[in-house]
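I have placed the structure first, in the form of structure tokens, so that the comments after it can refer back to it.
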Amino acid sequence: MIRGEERDEGGGDPRHRSDAARGYRDPARESCDPYRNPETSGRRRVRSAAMAKTKDPKLELIAAVPLFAGFNRREIEALGRLMDEIDVKEGRVLTREGASGREFFIVVSGRVRVERNGRKVNELGPGDFLGEIALIDHGPRTATVIASEPCRLMVLDIGGFRTLVSKYPTVQGKIMRALAERLREAQPRAVV
């Protein structure tokens, strides 16, 4: 199925049903904790159908984030305009475990270290992302993230996210569907 198309979760053409609706199970995507499971640490590449023809690497990175998978080209371009690119030095703390979260990051270049309770649990690199849930719930960070080397990052703060939602109200529903799909995939399969 091409991302960006309407889904038919019922009968319909099986080519247009999600992996989960077809009974596909990917063990690497079973953990809802991207920091704990390196297989799901932001490397889940999703390419929006809206971005299939673009060559803009910034927009390609944005389109690859599962949270934005349902966005059309215009919404992704608007999001790209709202995101800042920043350079950070080695050792810079991007998020602190337990602190309130207000930013979402995509790693453009360099590497960042993810720590919980002072222990390294993962490392993220170009194309990986973190902090997407903070845009929705503003809750405490689940990990500390530190630049392992000089990095270039794309950053979306809560103000930019609110601007996007106010200008394109339909993105709220698209994000909620992406979050619901992610949660559903993380749930253990119930035997009926």
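We did not get these values from a lab; they are worked out from the coordinates using the rules stated. Since this is a predicted model, take the numbers as computed values, not measurements. So basically every Cβ, Gly included, is an ideal-geometry build from the backbone, and we count neighbours across all protein chains shown.
What translational diffusion coefficient, to the nearest whole µm²/s, does segment 54-192 have by Stokes-Einstein, given a Kirkwood radius computed over alpha-carbon pairs, a temperature of 20 °C and 1.002 mPa s viscosity? The Stokes-Einstein estimate is 136 µm²/s.
Straight Cα distances below 27 angstrom link LYS89 to the lysines LYS58, LYS120, with same-chain residues fewer than 8 positions distant left out. Summarising the label geometry, the points placed 7 Å from Cα in the beta-carbon direction at LEU179 and LYS55 lie 3.7 nm from one another. Neighbour counting of Cβ atoms within 10 Å sorts the residues LEU156, LEU67, fewest neighbours leading, into LEU67, LEU156. The fewest-to-most ranking of LYS55, LYS120 by surrounding Cβ atoms within 10 Å reads LYS55, LYS120.
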